[in-house]
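Enquirer: This is the structure I want to talk about, given as C-alpha cells.
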Amino acid sequence: MISPVSYELTDNIGVITIDNPPVNALSQAVRQGLLDAIRTAQADASKAVLIVCAGRTFVAGADISEFGKPPAKPFLPDLLNEIEDSAKPVVAALHGTALGGGFEVALSSHYRCALESAKVGLPEVKLGLLPGAGGTQRVPRLAGVVAALDLITSGQPIAAAHAVSLGLIDRVIDGDLQSGALDWCRELIAAGAAPRKSSELPVENVEAGVWADYRSKLARRARGQTAPQKIVDCIEAAATLPFGQGLARERELFMECLQGTQSAAMRHIFFAERKAAKIRGLSREMPLRDIQKIAIIGAGTMGGGIAMNFANAGMPVALLEIDDEALEHGLSIIDRNYAGSVKRGKLSETAAAECRRLIDGVTDYAAIADADLVIEAVFEDPELKKEIFARLDAACKKGAILATNTSYQDVNEIAAATKRPEDVIGLHFFSPAHIMKLLEVVRADETADDVLATCMALAKVIRKIPVMSGVCYGFIGNRMLQHYMREAQLCLIEGSTPEVIDTALEQWGMAMGPLSVADLAGLDIGYKARQALPADKRGDPGAYRVPDVLVEMGRVGQKSGAGFYRYDPDTRAKSGDAEVLEIIEREAAELGIERREMDANEIIDRLIFSLVNEGLKIVDEGIAQRPSDIDVVYVYGYGFPAHRGGPMHYADTVGLDAVLDRIIEFRDRFGDANWKSAPLLERLVADKCTIAQWATANEK
Ligand code: 3HC
Ligand code: NAI
C-alpha cells in the first residue's frame, strides 16, 4: 500500500509531505508514515526537517472515524514526543485548517509558519473530547494559561495573525507556502538554530482563583458537559506538574472522554451533520442552478434575518414589502441587528456597512424579476401564500427558484398555485434566522432535483446546516415539537409549575425549558392558530387552556412583559409569578384534573420520549431520510444537547426496549390518543435492533 506520507531530501532539508485527502486526518497510516519519515530524517544528511501537507489543508485532526475502534500504534502522543525529540530542527508549515491533532503536530514541531489565510485551533471539545496529544500542555507554555483556557474550552479556530500574537505561530508566509517555508529552513540552518522544545518552557504563574472562576464560568456556558471541566483540569496540571506528568494526566482524561457517552453522542452529531447534506439518489455531479441575486418577500421577523444571511455571504438581496411603511420598519430592524453585531465585535463597522448596502428595499414585483432565488416569508396564511406564489409565477424569470419559509403549510399546495411546481421548494429557516444554524429544505412532490441540490449547496454558502424534509404538517422539527409542547402543557396542568418543568429540562441539557421557549416565541401564535379551528378540532383542552387564559389576559410572552413568567422591562430577567400558579390550579379544577406530585423523571421522559416516538414515525414515513437527520434538526434547531446526540441517538443510549416500556406505561396511564407507539419502535424492539444499526442497514 502506498503511504500517505512521503519524504524527500531537498538540498539539506528533509521534506515530509502528508497527502491524505480530504483533510489529511491522522489515520494509522499517516501516523506510521510520519514516524518513519522523522526517523529517516534523523539518519540522513538533512540539517532540518519540514512538515507540509498536500491538498486543501494542513492536518485537520485525528481521524475521528477511528475513535471507538481498538487503538492502533503508533499512538499520537508518542509520535509527537518523537518529533519534538528530533535532533534536527523541525518546522511545520500550515495552510487551511490545522486543527486538533493536526495543530498538536505543529506544536510538537520546533518552529511554526503559516499562510495568512490559515486557521489553527483545538476543536476537540466540540466532539466531547480534549486535545489528547499534548495540546493542553504545550499551549499554556507557549501562549499562557488564560489564552490556553479560552482557545481549548471554546474549540474555536483562530486566524494565523492572532496565533502569531499569542506566540503559537512564529511567522506568516506570503506567497507560496512551501518555498517560503524552505527559505525559512535555510535561514534557520544558516543561523545554527537548534531544536526548540515547547515542552521545556515554563508555565507562567497565575492567581489561584483563575481555576475556580473558569470552572464556574464553564458550568454555565457548557452546562452538563464534562470535557470542558476536564480541559481545565489538564491545563491546571500543566501549570502545576512537570511536562511528562501533565501529559500523562491529559492522556488519562482524554481516554475517559473518548470512552464516555458524551463524546460518542457528539461524534455522532459530527458525522450526522455531514450525512444530512447528502440526498440519496442525487448525484454529487448534478449541475446546479446559478444563484447570484436573491429576493425575499416580507421584511418581518424572518424575512429580515434571512436577508442578512445572504448579504453576509456577499449576495445582493431585494427585500419586498407590502408598502413603504412596512419596508422602513423591516429595514430599521436590520439596521439595529447590524449595529448590534458591530457592538458585540462580530463585524467591523465597514463590513457591516458593506453587508447592509447589499440589501435593497423594494415594493414592486418588477424589481425582483431577475432574481435567481425568491424566498417568501409573509404571514402564515395559506391563502396569502398561494396568492403570492401566483404573482411570483407571473413576475419572475424562467428558472428562478421559488421558495417558501412556511412553518406548517403544505408546500405541494403552494407549488400548485404556480405553473412551475418543479421550481418550488420549502426553505424553512429558524428564528433568529441570521443566527440559527438549521435550515429545513422541504422537497415537495414535484420539486426538481437540481432545485433541491442547488438549495442544499446554497445552505453551505450561507453557513447553514441543511436537512431535507418531506412535506407534512410542521415538517420534521415543528411536527415533533407539537408533541413535546403538548406534554409540557399537560405536565403543567396535572401538577407541575413552569419553573419545575423548565428547570428539569434545562438540567437535563435543553438550551431553554419549553415554557420559556413558548414565552419567547409568543403565546399568541398558537392561540390564533387554535382560534381558527372549530372547538372540537383543538385537541385536549388540558394542553391549551392555561396559555389561552394567559393570552386573553394580554400575557402573550416576553414581548408583552409577561406570559408563563414575568419579564423585567429593562433587563428581560425572568421571574416566577404566583398569579400563573393560581390560574393553573383554577383551570385544572375546572377541567376536573386533580393535581398531583410529579417528579422530574416523569416530566423529562414524557417530553423527550414524545419526541422520540414522533421522530420514529417521521423516519418510517420517509419524511426524514434517516434517523440521524432528526438528531441534526433537534441539535441545531431546537437546543437539544449535542452531548446527548439528538432524540434518536439518545433513545439508543437509553435502550429501545426501555423507551417502549415507558411509552406503553404512558399509554396505559394517559390514553392512546397521545401515546400510540411508533410502529418502527415496536419492530426494532422485536428485532432487538438499535436505531443506529437499522440506519446503517438502510443506508446501503
Ligand atoms: N477525521 C475523519 N474524517 C474527517 C475529519 C477528521 N478529523 N475531518 C473531516 N473529515 C471528513 C468529513 O467527515 C467529510 O467526509 P465526507 O466527505 O465523507 O462527508 C470530509 O472529511 C470533509 O469534511 P467537511 O465536509 O467538514 O469539509 P469542510 O471543508 O467543510 O471542513 C474541516 C473541513 C474544517 C476540517 C472540518 O471537516 C472539521 O472541522 N473537521 C473536524 C476537525 C476536528 O474536530 N479535529 C479534531 C479531531 S479530534 C483530535 O484531533 C484528537 C487529538 O487531540 C488527539
Ligand atoms: P412577521 O409577521 O414578522 O412578518 C411578515 C411580514 O410579511 C410582515 O412584515 C408583513 O408586512 C409582510 N407581508 C404581509 N403580506 C405581504 C405581502 N402581500 N407582500 C409583501 N409582504 C407582506 O412574520 P414572521 O414571523 O417573519 O413569519 C413569516 C413566515 O415565516 C411565516 O410563514 C412563518 O410561519 C414563518 N416562520 C416563522 C418563524 C418565527 O419564529 N417567527 C420561524 C420559521 C418560519
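The values are calculated or read from the model by the stated rules, or taken from the named source; none is laboratory data. This structure is a prediction, so every number in the text was calculated from the model and none was measured. Because the Cβ atoms are built from the backbone with ideal geometry, glycine has one as well, and the counts that use them run over all protein chains shown. Just so you know, the surface numbers come from the protein's heavy atoms only, side chains and all, with ligands and any DNA or RNA stripped out. Shrake-Rupley method; radii C 1.70, N 1.55, O 1.52, S 1.80 Å.
Enquirer: Does Val500 count as without any contact (Cβ under 8 Å) to a residue 40 or more places away in the chain and of a type outside the set (Ser, Thr, Tyr)?
Expert: On the way: without any contact (Cβ under 8 Å) to a residue 40 or more places away in the chain: no; of a type outside the set (Ser, Thr, Tyr): yes.
Spelling it out, it is not the case that Val500 is without any contact (Cβ under 8 Å) to a residue 40 or more places away in the chain and of a type outside the set (Ser, Thr, Tyr).
Enquirer: Return the pairs, sorted by first residue and then second, in which the second residue is in a helix (DSSP H, G or I), the first residue lies in the range 296-320 and is within 16 Å of ligand 1 (Cβ to nearest atom), the beta carbons are less than 8 Å apart, and the residues are 6+ apart or on different chains.
Expert: Once the first residue is within 16 Å of ligand 1 (Cβ to nearest atom) and sits in the range 296-320, its partners that are in a helix (DSSP H, G or I) give Ala313/Val461.
Enquirer: Let me ask you something else. When you scan the range 256-275, how many residues do you find that are free of Cβ contacts under 8 Å to residues at least 24 places away in the same chain and open to solvent by less than 60 Å² (accessible area, probe 1.4 Å)?
Expert: Within the range 256-275, the first condition is being free of Cβ contacts under 8 Å to residues at least 24 places away in the same chain, and the residues that meet it are 259, 274.
Subsequent filtering for residues that are open to solvent by less than 60 Å² (accessible area, probe 1.4 Å) retains none.
Residues that pass the stated criteria total 0.
Enquirer: Taking the residues in the range 110-153 that are closer than 20 Å to Arg251 by Cβ and among the small types (Gly, Ala, Ser) as candidates, determine which candidate is nearest to ligand 2 (Cβ to nearest atom).
Expert: Among them, the one singled out is Gly128.
Enquirer: Restricting to the range 678-696, and then to whatever is among the charged types (D, E, K, R) and in a helix (DSSP H, G or I), can you tell me which residue is nearest to Arg667 (Cα to Cα)?
Expert: Within the range 678-696, the first condition is being among the charged types (D, E, K, R), and the residues that meet it are 682-683, 687-688.
If we keep only those that are in a helix (DSSP H, G or I) too, we end up with 682-683.
Details: Glu682: 14, Arg683: 18 Å.
Only one residue fits best here, namely Glu682.
Enquirer: Being of a type in the set (A, V, I, L, M, F, W, C) and within 19 Å of Val451 (Cα to Cα) is the filter here, so list the residues in the range 266-296 that pass it.
Expert: Answer for the range 266-296, where residues must be of a type in the set (A, V, I, L, M, F, W, C) and within 19 Å of Val451 (Cα to Cα): Ala276, Ala277, Ile279, Leu282, Met286, Leu288, Ile291, Ile294, Ala295, Ile296.
Enquirer: Let me ask another. Within the range 86-100, count every residue that is open to solvent by 10 Å² or more (accessible area, probe 1.4 Å) and either over 21 Å from Ala190 (Cα atoms) or within 16 Å of ligand 2 (Cβ to nearest atom) (or both).
Expert: Total meeting the criteria: 4.
Enquirer: Considering every residue within the range 441-456, establish whether at least one is surrounded by fewer than 24 Cβ atoms within 10 Å (Cβ to Cβ), within 10 Å of ligand 2 (Cβ to nearest atom) and under 21 Å from Met308 (Cβ atoms).
Expert: Checking the range 441-456: not a single residue is surrounded by fewer than 24 Cβ atoms within 10 Å (Cβ to Cβ), within 10 Å of ligand 2 (Cβ to nearest atom) and under 21 Å from Met308 (Cβ atoms).
Enquirer: Which residue out of Glu204, Glu116, Glu124 is charged (D, E, K, R), closer than 29 Å to Phe67 by Cα and assigned by TED's automatic domain parsing to the domain that holds Asn12? Spell out how you get there, then give the answer.
Expert: Values: Glu204 fails: closer than 29 Å to Phe67 by Cα; Glu116 fails: closer than 29 Å to Phe67 by Cα.
From the options Glu204, Glu116, Glu124, the qualifying one is Glu124.
Enquirer: If I filter the range 459-478 for residues that are under 30 Å from Glu594 (Cβ atoms), open to solvent by 40 Å² or more (accessible area, probe 1.4 Å) and not assigned by TED's automatic domain parsing to the domain that holds Ala624, do I get at least one hit?
Expert: Of all residues in the range 459-478, those under 30 Å from Glu594 (Cβ atoms) come to none.
Scanning the range 459-478, I find no residue that is under 30 Å from Glu594 (Cβ atoms), open to solvent by 40 Å² or more (accessible area, probe 1.4 Å) and not assigned by TED's automatic domain parsing to the domain that holds Ala624, so the answer is no.
Enquirer: Okay, next question. Has the range 511-525 got at least one residue that is outside the structural domain of Ala222 (by TED's automatic domain parsing), within 16 Å of ligand 2 (Cβ to nearest atom) and either free of Cβ contacts under 8 Å to residues at least 24 places away in the same chain or β-branched (Val, Ile, Thr) (or both)?
Expert: For the range 511-525, residues outside the structural domain of Ala222 (by TED's automatic domain parsing), within 16 Å of ligand 2 (Cβ to nearest atom) and either free of Cβ contacts under 8 Å to residues at least 24 places away in the same chain or β-branched (Val, Ile, Thr) (or both): present.
Enquirer: Do we have any residue at all in the range 176-198 that's acidic (Asp, Glu), exposed (fewer than 13 other Cβ atoms within 10 Å of the Cβ), part of a loop (DSSP other than H, G, I, E, B) and at pLDDT 95 or above?
Expert: Within the range 176-198, one or more residues are acidic (Asp, Glu), exposed (fewer than 13 other Cβ atoms within 10 Å of the Cβ), part of a loop (DSSP other than H, G, I, E, B) and at pLDDT 95 or above.
Enquirer: Looking at the range 1-20, is at least one residue within 30 Å of Ala190 (Cβ to Cβ), in a strand (DSSP E or B) and aromatic (Phe, Trp, Tyr)?
Expert: The first filter runs over the range 1-20 and keeps only residues within 30 Å of Ala190 (Cβ to Cβ), leaving 5-19.
From what's left, in a strand (DSSP E or B): 5-10, 13-18.
Checking the rest, the ones that are also aromatic (Phe, Trp, Tyr) come to 7.
Yes, the conditions are met somewhere in the range 1-20.
Enquirer: Could you list, in sequence order, the residues of the range 34-59 that are in contact with a Pro (Cβ under 9 Å, 6 or more places away or on another chain) and crowded, with 24+ Cβ neighbours inside 10 Å?
Expert: Keep residues of the range 34-59 that are in contact with a Pro (Cβ under 9 Å, 6 or more places away or on another chain), which gives 34-35, 47-49, 54-57.
Result: Leu34, Ala48, Val49.
Enquirer: Residues that are at pLDDT below 95 and assigned to a strand (DSSP E or B): does the range 26-49 have at least one?
Expert: We begin by selecting, within the range 26-49, every residue at pLDDT below 95; these are none.
No, the range 26-49 has no match at all.
Enquirer: Here is a follow-up. Give the range 278-333 a look and list any residue that's closer than 18 Å to Arg357 by Cα, in a loop (DSSP other than H, G, I, E, B) and more than 16 Å from ligand 2 (Cβ to nearest atom), or say none.
Expert: Gln292, Lys293, Ala313, Gly314, Met315, Pro316
Enquirer: Tell me the residue from Gly55, Gly61 that is under 21 Å from His95 (Cα atoms), modelled with pLDDT of 95 or more and more than 10 Å from ligand 1 (Cβ to nearest atom), please. Break it down stepwise before answering.
Expert: Values: Gly61 fails: more than 10 Å from ligand 1 (Cβ to nearest atom).
On inspection, the qualifying residue turns out to be Gly55.
Enquirer: Follow-up. Out of Asp548, Asp540, Asp570, which single residue is of a type in the set (Asp, Glu), surrounded by fewer than 21 Cβ atoms within 10 Å (Cβ to Cβ) and within 20 Å of Glu602 (Cα to Cα)?
Expert: Numbers: Asp548 fails: within 20 Å of Glu602 (Cα to Cα); Asp570 fails: within 20 Å of Glu602 (Cα to Cα).
Unique residue meeting the criteria: Asp540.
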